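Enquirer: Can you keep this structure in mind? I'll have questions shortly.
The values are calculated or read from the model by the stated rules, or taken from the named source; none is laboratory data. Because the structure is a prediction, the values reported are computed rather than measured. Note that we place each Cβ from the backbone using ideal geometry, even for glycine, and neighbour counts take in every protein chain shown.
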């Protein structure tokens, strides 16, 4: 940690260099005009025919011009679709699956994703917030409070983003502070089953402090009652309480310099683990007298012996971004520090019989530093070059209970791993316009990484100096042809890399092999009519040495390499505005994702009476976990004049084919639909909005996760139907 602080201190003089201080001071009016222009661009996201600005290549470009499959979503679309968190983006983003295992978000894109739960085992779908990489997988649970847009990039991003982005990435963009004061406050109330209330308050304020300094503040508080019926003690479980605060401080000493300091803190208490129940009655606990086995969704009985299903989570984020215009070249620096603390208690058999339990704490600290040079000279060659440093230090103490008979004494096992990861990378990417219509992009990134691991079990030090190094060069080639101002065609070939990692729940001092991907993509971006946008992307992946995680026979976890997988498919996105006030969206995705070779997969075979036999078998040809073959999204919003203001009605329908949660393709969520809807009114001065909404309108019982293990296969369902109302005031 001292090294991290010293590195941060070392870059501060660079950010406050004399050249910036001596440049001519910008006025607050000019800054406001720039900010307003950005807000207007952000507001146009998802509008047919409108200019959508994205940062998919680490520079601002039009969505229709960038040779990458990108979905850009505005706040309005996210609200209408009932999307509150990053993991719920699957309802509006084709090819995206927002998996979750207790406190760990496990997203996948086009079948590429991680199921790792070890501290330091990063997801291969990278999550960024304002350009800051959220490396720790326990830190990617992001509530969307005040955002400009969310960008989801599909396919490996092995050059300018690079780190562990073999599947793609999610980029959350929040507004910078404005010099012109504005504020909003939104209060929501919702009602769920078991008479559960959900109160949600979100507020945002921004304004200038001086001619060169502006600040903002975003706060959130949500308190949701339990909605899962407690068959053991009565009442309901599943409470959630979230409090977060986030502030930015903007300093613009001149036209050529800008610095933004961001500080954020979130405190979350969830009983999501308490809502786990046996999947289709599969639990070894069913064999014993007095067992209570839930047989309906949102029913639980796992509260015996103090196993309350706790998920507590806190996170502190500090980031400093600087930008200097050096005349034809822009120099950017991004520094970040993140401290995450998790406490999670989960029952492993899903019943009131105490057979298995995990009591785990996760304590990662991460630091990142990135420097980028970006061309800004209007020549046929545009380029980005940079260097990136990442460091993680973490502990993951775990108390594990595992027994197959109530007559066996409860004998906890204590596992105390420590890890340290450090990585340095250098990258460059450039695009050259061969003609006004034809361009070529070449990019490369070289990464060197060191991982260290020590393990202690029941107080006995197994080893202290396990260390492995991983080096890799990844690259990307793209050819883009602008057939007309409304038709852009591109083809890309890219590679991705996720370094090897250690299993912090195991006794091996040998890391699994790195996973790699080679991807070919062909895409068409078009605006065939003034009111219609149609974007198509097709892809083919060769995916090797997949890092996969499953329960072990002792109820801990096994981390192994699957040999390879073949993935191909495509996505079609349509947005239309056929008449004034009517915005329509549609997206369909097809993903063929099969294990090409996986001969020794950890599998679970249901046994008569409950529980599963743990075995190893060949699952080649089976479908990848958490990867539905088909998904479909239909959404829209109609706005019309009413009562001197504007009324609106909107909704979103999401359909998914079956989703498998094990390598043998036994435990699955059948095909399902999720429907959200809203109706509301905005006042003539645009300072008041009232809406009535419903999420999961049909009360569909949809798996958030299904976790097969030796004692049981348990399921946690997504939240049931919620109906409510909200009021938003803007100043």
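Enquirer: Among the residues of segment 54-83, which ones are under 17 Å from residue 480 (Cβ atoms), modelled with pLDDT of 90 or more and either in a strand (DSSP E or B) or under 16 Å from the mean Cα position of the chain (by Cα) (or both)?
Expert: Residues satisfying the conditions are 62, 69, 70.
Enquirer: May I pose another question? If you go through segment 94-117 one residue at a time, how many are assigned to a loop (DSSP other than H, G, I, E, B) and farther than 22 Å from residue 655 by Cβ?
Expert: 6
Enquirer: Would you tally the residues in segment 178-192 being in contact with a helix residue (DSSP H, G or I) (Cβ under 9 Å, 6 or more places away or on another chain) and either under 26 Å from residue 697 (Cα atoms) or buried (at least 18 other Cβ atoms within 10 Å of the Cβ) (or both)?
Expert: Final tally of qualifying residues: 2.
Enquirer: With 112, 150 as the choices, which residue is over 27 Å from residue 241 (Cβ atoms), touching a strand residue (DSSP E or B) at 6+ places or on another chain (Cβ under 7 Å), surrounded by 24 or more Cβ atoms within 10 Å (Cβ to Cβ) and at pLDDT 90 or above?
Expert: Only one candidate passes the filter, namely 112.
Enquirer: Among the residues of segment 332-353, write down those that are part of a loop (DSSP other than H, G, I, E, B) and touching a helix residue (DSSP H, G or I) at 6+ places or on another chain (Cβ under 6 Å).
Expert: 349, 351, 352, 353
Enquirer: Just need a number here: residues in segment 499-523 that are in contact (Cβ under 8 Å) with a residue 12 or more places away in the chain and more than 24 Å from residue 570 (Cβ to Cβ).
Expert: 15
Enquirer: Cβ-Cβ distance below 7 Å, separation of 6 or more or different chains: which pairs start in segment 168-187 with a residue that is touching a residue at least 40 places away in the same chain (Cβ under 8 Å) and at positive phi and end on one that is in a loop (DSSP other than H, G, I, E, B) and surrounded by 19 or more Cβ atoms within 10 Å (Cβ to Cβ)?
Expert: 168/155; 168/157
Enquirer: Take segment 84-112 and flag every residue that is more than 30 Å from residue 362 (Cα to Cα) and over 14 Å from the mean Cα position of the chain (by Cα).
Expert: 94
Enquirer: Residue 618: farther than 30 Å from residue 688 by Cβ and in contact (Cβ under 8 Å) with a residue 12 or more places away in the chain, yes or no?
Expert: For residue 618, the condition - farther than 30 Å from residue 688 by Cβ and in contact (Cβ under 8 Å) with a residue 12 or more places away in the chain - is met.
Enquirer: Which one of these is in a helix (DSSP H, G or I) and surrounded by fewer than 24 Cβ atoms within 10 Å (Cβ to Cβ): 128, 138?
Expert: That would be 138, the only listed residue that is in a helix (DSSP H, G or I) and surrounded by fewer than 24 Cβ atoms within 10 Å (Cβ to Cβ).
Enquirer: Taking residue 325 and the conditions (1) in contact with a strand residue (DSSP E or B) (Cβ under 7 Å, 6 or more places away or on another chain); (2) crowded, with 17+ Cβ neighbours inside 10 Å; (3) within 24 Å of residue 60 (Cα to Cα), which numbered condition does it fall short on, given that it satisfies the others?
Expert: All conditions are met except number (1).
Enquirer: For the subset of segment 193-207 comprising residues that are over 26 Å from the mean Cα position of the chain (by Cα) and surrounded by fewer than 18 Cβ atoms within 10 Å (Cβ to Cβ), which member is farthest from residue 241 (Cα to Cα)?
Expert: Among them, the one singled out is 207.
Enquirer: Looking at 120, 190, 162, can you tell me which residue is outside any loop (DSSP other than H, G, I, E, B) and either modelled with pLDDT of 90 or more or over 11 Å from the mean Cα position of the chain (by Cα) (or both)?
Expert: 190
Enquirer: Test residue 167 against the stated conditions and say whether it is closer than 29 Å to residue 503 by Cβ and modelled with pLDDT under 90.
Expert: no
Enquirer: Looking at segment 84-92, is at least one residue within 23 Å of residue 570 (Cα to Cα) and part of a loop (DSSP other than H, G, I, E, B)?
Expert: Yes, because at least one residue in segment 84-92 is within 23 Å of residue 570 (Cα to Cα) and part of a loop (DSSP other than H, G, I, E, B).
Enquirer: Oh, and also: What tally of residues in segment 256-292 results from selecting those that are under 16 Å from residue 717 (Cα atoms) and in contact with a helix residue (DSSP H, G or I) (Cβ under 8 Å, 6 or more places away or on another chain)?
Expert: 1
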